[in-house]
Each structure stands twice: as C-alpha cells, then as structure tokens.
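Data first, discussion second: the structure below is written as structure tokens.
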Amino acid sequence: MSWQTTVETTVTGLGYELVDCERSASGGTLRVTIDKLQAQADAGELIDVDDCEKVTRQLQYVLEVEGLEYSRLEVSSPGLDRPLKKAAHYARFAGQEVEITLKSPFQGRKKYRGVLSAQPDAADDQAWRLVFDDGEADQALDFTLDEVREARLVPSFSFKGRGGEPAPDRKPGQRGVIKPKKQPKEAALKKQAGAPSDAAPGQDKVDGGLKQ
C-alpha cells in the first residue's frame with residue numbers, strides 16, 4: 001500500500017477521522033491531522049494527547065511493517081481553525097464562517113472570509129459559495145475547490161460543541177444556499193494551481209488538544 005492509504009486505513013480503523021496527511025518533499029517528515037468522528041465532535045468531544053499517542057504508536061508499527069520510511073512523524077488535532085481539505089469537509093461545515101486563500105488573486109486579493117454554502121444548482125460537490133461583507137453590502141463569491149490553496153474554519157469559541165451556533169437564515173443541519181442581506185454580486189473565478197510548503201525533518205511529535 002502507498003503511505004497515504006496506509007495512514008488513512010490505520011487512522012479510520014482506530015475510529016478517528018483523517019483530516020489531513022502531508023509528507024515533505026524529501027520524504028522525511030510525515031504530518032498527520034486527526035479528529036473525532038462527526039457525531040462525537042458535534043457532541044463536544046475533542047482530540048487530546050491520549051488520542052494522538054494512540055494513533056502515533058499504531059502508525060509507527062504499521063509503517064515499519066509496510067516498510068515505509070520516514071524520519072519524523074507528527075500527529076496532531078485540527079485545532080479551532082480546522083482545515084477544510086475535501087468536499088466532505090465543506091459539506092460538514094456549510095453555514096459556518098470560514099477563511100479561504102485562493103491560488104491566484106481575484107480582484108486584487110487572495111483571502112476572503114465569510115459564510116460558506118453550496119452554490120445553487122451546482123452540478124457536483126466541488127462548487128461552493130462564500131457570502132462576505134465588503135464594508136458596503138453582502139457579496140457572494142463563487143468558487144470551486146481546485147481554485148483554493150487553503151481553507152480554514154474561523155474559530156467561534158462556542159461552548160455548545162465545535163460546530164457552534166448555526167448561521168442566520170439556516171436551521172441546524174440544513175444545507176443549501178445562504179440568503180444574503182442584500183442582492184449578492186456573483187463572481188466566477190479562473191485560477192491557477194500553487195505548490196505546498198515544506199519543513200525540515202526531526203523527531204516524532206505528538207500534538208494533542210486545541211491549537212491556539
């Protein structure tokens with residue numbers, strides 16, 4: 001098996017969600033981000049040091065058995081500013097405030113912050129919308145996942161579970177289109193791909209709890 005498949009199979013087999021898995025260009029550093037399953041996270045359960053240690057021990061064993069080499073293994077929680085990496089993540093957190101960084105600038109900027117929703121009548125789960133306030137009125141920015149370099153939740157610091165309160169004009173668990181306060185101006189984006197960053201290798205690292 002590839003290292004991606006090995007990591008995902010191991011993490012999910014232990015009853016966790018694999019949020020992200022990165023390997024440095026040199027192959028020395030393997031970074032794994034895990035989370036509780038959605039039902040547990042919605043109930044307020046968070047990843048702690050014990051969870052990270054459990055996954056670290058199992059990954060060390062499995063990677064050795066599979067003969068997959070690495071010099072540093074880092075297992076951590078997603079933190080309050082949880083990254084959104086795939087369509088399932090966007091669907092899970094629709095209706096919440098997120099910050100996205102585009103691969104290429106649109107109208108002179110790459111970063112946008114607003115409420116996430118699916119595009120109306122989207123043909124697939126790759127098309128999303130961000131409703132944000134430009135200082136004068138609510139605007140709607142339409143984009144696809146391949147146009148995004150990075151997307152993260154904006155921490156809500158709610159005590160009702162990681163999901164926090166639902167956004168205005170939405171019922172809990174509802175998915176669909178956010179209704180902006182004023183008529184949105186939609187924009188289609190045409191962006192180019194970027195390249196991931198890298199880090200120096202070292203020792204294995206376990207990072208539990210929330211990142212501040």
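Each value in this text was obtained by applying a stated rule to the coordinates, not by laboratory testing. As the structure is a prediction and not an experimental result, all values here were calculated from the model. When we count neighbours, we look across all protein chains shown, and the Cβ atoms used for this are built from the backbone with ideal geometry, even at glycine.
Figures for the structure shown
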quantity	calculated
Translational diffusion coefficient (Stokes-Einstein; Kirkwood radius from C-alpha pairs) of region 80-151 at 4 °C, 1.567 mPa s, in µm²/s	105
Order by protection proxy (mean Cβ within 10 Å, highest first), peptides 57-64, 115-122	115-122, 57-64
Amide proton proximity set for GLN139, modelled H, under 5 Å, gap of 5+	PHE132, ASP133, ASP134
Calculated diffusion of region 18-101, Stokes-Einstein form, Kirkwood radius summed over Cα pairs, 25 °C and 0.890 mPa s, µm²/s	171
Whole-Hz ³J(HN,Hα) from phi, Karplus 6.51 cos²θ - 1.76 cosθ + 1.60, for region 98-105, glycine and proline x	9, 10, 10, 10, 7, 6, 10, x
Amide H contacts of ASP20 (H built 1.01 Å from N, under 5 Å, at least 5 apart or other chain)	THR33
Mean projected area in nm² (Cα convex hull; one quarter of hull surface) for region 1-56	4.1
Packing-based ranking, highest mean first, of 72-83, 22-33, 1-12 given that Cβ atoms within 10 Å are counted	72-83, 22-33, 1-12
